[in-house]
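Just below is one structure, and these are the notes that go with it.
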Amino acid sequence: MLSKDLIMRLLVQVGVALAALAVGALLLVAIGVAPPDALHAFWSGTFGTPTNAGTTLTQAVPLLLVALGWILTTRAGRLHVGFPGQILAGGSLATAVGLQCGSLPGPVAVVLIAIAGIGGGALWAGLTAWLWASRGVLEIVSSLLLNLVAIQVADWSVRGPLQGSLDGQPQSANFPAAALWPSVESIPGRTLSYDVVLLPVCAIAVVLLLSRTAFGFRLRVAGGNQEAARWSGIDPVREGVAAIVISGGFAGLAGAALLFAGSAPWMSDGFEAGVGFNGIAVALLARNSPVGAVATAVVFSALNVGGTAMQAQLDVPSSLASVLQGAVIVLVLVAAVVLHGRTRTPSAAKSAARRRSGVVVHSGARTEEA
Amino acid sequence: MKTRPDSGPARRGTGTGASALRLTGVTKRFGSFVANDAVDLDIAWGEIHALLGENGAGKTTLMRIVTGLYTPDEGGIELDGEPVRFRKPEHALRAGIGMVHQHFTLVPTLTELENLAIAPAAVPWRNGLTEARRRSQEVATATGLRITPDRLVADASVGERQRLEIVKLLCRGARILIFDEPSAALSPGEWDELANLMRRLAADGHAVILISHKLSEVFSVADRYTVLRRGAVSGSGTIAEATPDHLVTLMVGDRMADRPPLPAGTPGPAVLTIRSLDVARDDNQPAGPKALQGIDLEVRRGEILGIAGVAGSGQSELVEVLMGIRPALSGAIELAGRPFTHRSPRRFFRAGGAVIPEDRHHAAIVPGMTLWENITLRSLRSAPLNRQGLLDVRAASAEARRLMNEFDVRADSENLPIGRLSGGNQQKAVLARELSGNPALLIAAQPVRGLDVRAADFVYRSLVAHRERGGAVLLISMDLDEVISMSDRIAVLAHGRIQGVVEAAKATRANLGALMTSSGEAL
Ligand SMILES: Nc1ncnc2c1ncn2[C@@H]1O[C@H](COP(=O)(O)OP(=O)(O)OP(=O)(O)O)[C@@H](O)[C@H]1O
Ligand SMILES: [Mg+2]
């Protein structure tokens, strides 16, 4: 039964990948590009050269960090979508600190910037957590609204206090060299930042946090059954707040990574570039598994980087990559539904029973019409 | 829809005695574990058929197969003599097989009639209410089952909700009704009503399947029985020719020794003292009606204090106040010799409390987490299993295995999600968790509900052993016989007041019953 489940799951995942490829191929044919050419461009643009592989891996880091934040909050039974705002908040604070770090030794600057990023994101998420815990405002609503606020604040800060480019562009001054995160020097273009170690380290840290610490245990109990948590002396609100704030820290660190390990050494208003929501997709694609999210983050990053490469080499619109990402998300959701219907774990059976009345409405209506 | 073209209410009442549902050689495996082993089951129209067996014998699994939630690995199902195969609950329901769920599937914010109308409508845009009203009137004339159409479900009692659940199934054409431990949520009075109802359904030609661990219930309503043991049928026959002893032997494999009378205890100083406790029924309306009024109670070391009373007399409020989940209006509580004023579940446990909550499913287990995590739900969070925030996972699961052994929790592995265990085994796991810490005070709300005879006996002996070690037990039960046989003293709770405290030796159903209906001057 278990192994059958596993096989089914793998089959579905392979199916999703194939379907995504098919969708991509169809799109390419539709706009008049030969799929083999596209594939070649895609490959060389993502993993074909060390330089490009470095870019792909480095860009996977922020995606994974956001995904890990999402995984933690869902495990605690909360659901927020404030990652874009938290990335902006973390990135802005990291910029403010980073710009002052010119005279500090490199390692100190890197750590300070990372802390600033984490702090900014956590603070921003703290607003959401506070509104939920003390005012009962649903975290999904407040986080969504705070995203809009964060966008405005970031817009304003690169035009106001952080503005520093000489030609008056809405962007900060160039970061001092000491503040930039180190990268592997042997790779041409130095595209591979050392922060890629965060990929395995953070994923494993989250796994251990959830399975091996008392904090993670409380988090899972609170997320698994609020009422039972309360009855066993765990405050589900406290755990929920902690999870939201930590996820904000992850997103804030992602913001710092986007800026200080990114391609441009300054902050502009659009630096978030959709990472906040794509990170959620990365987690969903990995079925909320931290280790799986490492792989899906790299896949997502490759879709981004490869899309840009195809655009440059074949004149394919770069929105193709976005379309492909969208297709993958939809397919994953479909796969989740398929799996849910197939595997009859008791929880699935029970929720099916709970939904029974609703389900009957439709099926009944259909059959009686037929 | 291919399953049973001729099904529906039109066939209701077709003769009695003819086979309604026949299972032959039904086998269901979960991995290598055989939950149902070549089960034959024969249910006739017009009968109430009791399905009996120990916790984990496979009763619920079998009924999940019958209602299409699981598909059998082997064997066949015949309905009215024709083979059927259900792949979804809807198929079974359309064929006329309905399950009365424990966790009701009603929407509390809608009226009873509106809840009925959440049923198949012929066309989506037609108002289902008139149809539902017509159907429910048909059901009322056929079976005498009446609903209160315009009452909100939220205002209905548990018994009334259960009746609505039954009417809902009947309205959809159910002819075979399955009750899985229906009395677990009911007071004895409500059970009597339900028993009448089942008889009426059977007299009307329906087939009723009843799963119950209470032999008194089985003997009062059932016509025939089938006993499962470790997944296989160990016996079947007519109730009229059976004795309780015989059924118990079929269930557990040998005779059960009679429960020895509670040996006299030697109570020590008070562990829990409650003085003039007042509690509002609604937390947000302190001036509103009271759930508890002027409660004075004392539970001493080495004593089991039973609280007797019908459901809704204030028992759950009392437990919640003691735990610190619900605030009190006034009054003083002392726990383990210290004032227990700033109450919270954490402080309750730290002061040496433990609790077996009444609502096991919602308050006691995390269904998605493993059995070992649930068993160590509290001990895992403190030393020695928790060292500076790091968990000793291996020691914890070893501890869980030890407790599973000691408390006879039957499961393939401690790594199974607890939601997959049978109801009774989930409960034994909760018991293991709460008793393992050797608490000063154990609050046990309906501790044997859903347990088979042997497990109930085991709980009884565990509570007595706990008492012998000097522990105190606050036992809450709606079953008078259970309270009388398991307590040293009995406090009768009615309408939120303690109507009197009686030594168990002097307690009888009659004098407790009299206290329950008295107006409150008894103290
Ligand atoms: N989905 C599942 N996966 C694995 N094992 C299961 C699953 N469902 C049930 N089981 C196992 O099958 C056995 C029978 O369970 P079932 O719920 O049918 O027992 P039951 O007779 O209803 O017991 P109880 O009286 O305690 O409710 C149990 O040992 C249980 O652990
Ligand atoms: Mg059961």
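The values are calculated or read from the model by the stated rules, or taken from the named source; none is laboratory data. What you see is a predicted model, and the numbers here were worked out from it, not measured in a lab. Cβ placement follows ideal geometry from the backbone for every residue including glycine, while neighbour counts extend to all protein chains displayed. These accessible areas exclude ligands, DNA and RNA; they are computed on the full protein's heavy atoms, side chains included. Shrake-Rupley method; radii C 1.70, N 1.55, O 1.52, S 1.80 Å.
At least 1 residues being within 16 Å of ligand 2 (Cβ to nearest atom) and crowded, with 22+ Cβ neighbours inside 10 Å is the threshold, and among the helices (runs of 4 or more DSSP H) wholly inside region B:405-517 those reaching it are B:423-436, B:453-468. Being touching a Lys or Arg at 6+ places or on another chain (Cβ under 8 Å) and away from chain A (no Cβ under 13 Å) is the filter here, so list the residues in region B:83-96 that pass it. Matches in region B:83-96: B:VAL84, B:GLY96. Taking A:TRP156 as the residue in question, decide whether it is more than 25 Å from A:LEU64 (Cβ to Cβ), touching a residue at least 40 places away in the same chain (Cβ under 8 Å), open to solvent by 70 Å² or more (accessible area, probe 1.4 Å) and assigned to a helix (DSSP H, G or I). No.
For beta carbons closer than 6 Å, sequence separation of 6+ or different chains, a first residue in region A:300-317 that is farther than 10 Å from A:ALA41 by Cβ and a second that is β-branched (Val, Ile, Thr), the qualifying pairs are A:PHE300/A:VAL282; A:SER301/A:THR56; A:ALA302/A:THR46; A:ALA302/A:THR56; A:VAL305/A:THR46; A:VAL305/A:THR55; A:VAL305/A:THR56. Selection within region A:190-200: residues that are farther than 15 Å from A:ALA114 by Cα and open to solvent by 50 Å² or more (accessible area, probe 1.4 Å). The member of this set that is nearest to the chain's Cα centre (by Cα) is A:PRO200. Residues in region B:327-357 that are in contact (Cβ under 8 Å) with a residue 40 or more places away in the chain and either away from every other protein chain (no Cβ under 11 Å) or of a type in the set (Gly, Ala, Ser) (or both): 15 in all. Every condition in (1) within 12 Å of chain B (Cβ to nearest Cβ); (2) more than 19 Å from the chain's Cα centre (by Cα) holds for A:LEU210 except the one numbered (2).
Yes or no, residue by residue, for (1) among the hydroxyl-bearing types (Ser, Thr, Tyr); (2) free of Cβ contacts under 8 Å to residues at least 60 places away in the same chain; (3) within 16 Å of ligand 1 (Cβ to nearest atom):
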position: B:ASN438; (1), (2), (3): no, yes, no
position: B:ALA444; (1), (2), (3): no, no, no
position: B:VAL448; (1), (2), (3): no, yes, yes
position: B:TYR460; (1), (2), (3): yes, no, no
position: B:ALA465; (1), (2), (3): no, yes, no
position: B:GLU468; (1), (2), (3): no, no, no
position: B:ASP481; (1), (2), (3): no, yes, no
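Can you spot a residue in region B:435-450 that is more than 30 Å from B:ALA270 (Cβ to Cβ), at pLDDT 90 or above and within 14 Å of chain A (Cβ to nearest Cβ)? There is no residue in region B:435-450 that is more than 30 Å from B:ALA270 (Cβ to Cβ), at pLDDT 90 or above and within 14 Å of chain A (Cβ to nearest Cβ). Given the condition more than 16 Å from ligand 1 (Cβ to nearest atom) and either among the acidic types (Asp, Glu) or at pLDDT below 85 (or both), answer yes or no: does some residue in region B:50-62 qualify? Among the residues of region B:50-62, not one is more than 16 Å from ligand 1 (Cβ to nearest atom) and either among the acidic types (Asp, Glu) or at pLDDT below 85 (or both), which makes the answer no.
Just the residues that are free of Cβ contacts under 8 Å to residues at least 60 places away in the same chain and touching a Gly at 6+ places or on another chain (Cβ under 9 Å), please, taken from region B:93-113. None; the set is empty.
Determine which member of the set B:GLY31, B:GLY17 is out of contact with any Pro (no Cβ under 8 Å at 6 or more places or on another chain), more than 25 Å from B:ARG410 (Cβ to Cβ), surrounded by fewer than 16 Cβ atoms within 10 Å (Cβ to Cβ) and at pLDDT below 90. Result: B:GLY17 is the single residue among B:GLY31, B:GLY17 that is out of contact with any Pro (no Cβ under 8 Å at 6 or more places or on another chain), more than 25 Å from B:ARG410 (Cβ to Cβ), surrounded by fewer than 16 Cβ atoms within 10 Å (Cβ to Cβ) and at pLDDT below 90.
Number of residues in region A:219-228 that are part of a helix (DSSP H, G or I), at the interface with chain B (Cβ under 8 Å from one of its Cβ atoms) and touching a Pro at 6+ places or on another chain (Cβ under 9 Å) equals 4.
Remark: pairs (first residue in region B:50-70, within 14 Å of chain A (Cβ to nearest Cβ) and open to solvent by 10 Å² or more (accessible area, probe 1.4 Å); second residue within 13 Å of ligand 2 (Cβ to nearest atom) and of a type in the set (Asp, Glu); Cβ separation under 8 Å; 6+ apart in sequence or on different chains) = B:THR60/B:ASP180. Taking region B:325-375 as the region of interest, the helices (runs of 4 or more DSSP H) fully inside it that hold 3 or more residues being of a type outside the set (Gly, Ala, Ser) and over 18 Å from B:LEU441 (Cα atoms) are B:360-363, B:371-375.
Against the conditions (1) among the aliphatic types (A, V, I, L, M); (2) open to solvent by less than 20 Å² (accessible area, probe 1.4 Å); (3) not assigned by TED's automatic domain parsing to the domain that holds B:ILE476, B:ALA383 satisfies every one except (2). Residues that are under 15 Å from B:ARG175 (Cα atoms), modelled with pLDDT under 85 and either within 13 Å of chain A (Cβ to nearest Cβ) or out of contact with any Pro (no Cβ under 7 Å at 6 or more places or on another chain) (or both) occur in region B:117-135; there is at least one. Checking each residue in region B:157-186 for being farther than 26 Å from B:PRO447 by Cβ and open to solvent by 10 Å² or more (accessible area, probe 1.4 Å) picks out B:GLU160, B:ARG163, B:LYS168, B:LEU169, B:CYS171, B:ARG172. Yes or no: B:ARG163 free of Cβ contacts under 8 Å to residues at least 40 places away in the same chain, part of a helix (DSSP H, G or I) and more than 29 Å from B:ARG229 (Cβ to Cβ)? Yes.
The criterion of being under 30 Å from B:GLY419 (Cβ atoms) and more than 14 Å from chain B (Cβ to nearest Cβ) does not hold for A:SER232. Of all residues in region B:171-229, those being in contact with a helix residue (DSSP H, G or I) (Cβ under 8 Å, 6 or more places away or on another chain) and within 16 Å of ligand 1 (Cβ to nearest atom) number 20.
The set of residues in region B:88-111 being at pLDDT 85 or above, out of contact with any strand residue (DSSP E or B) (no Cβ under 7 Å at 6 or more places or on another chain) and open to solvent by less than 20 Å² (accessible area, probe 1.4 Å) consists of B:ALA92, B:LEU93.
If you filter region B:187-214 down to residues that are away from ligand 2 (no atom under 16 Å from the Cβ) and small (Gly, Ala, Ser), you find that the one that is most open to solvent (accessible area, probe 1.4 Å) is B:ALA203.
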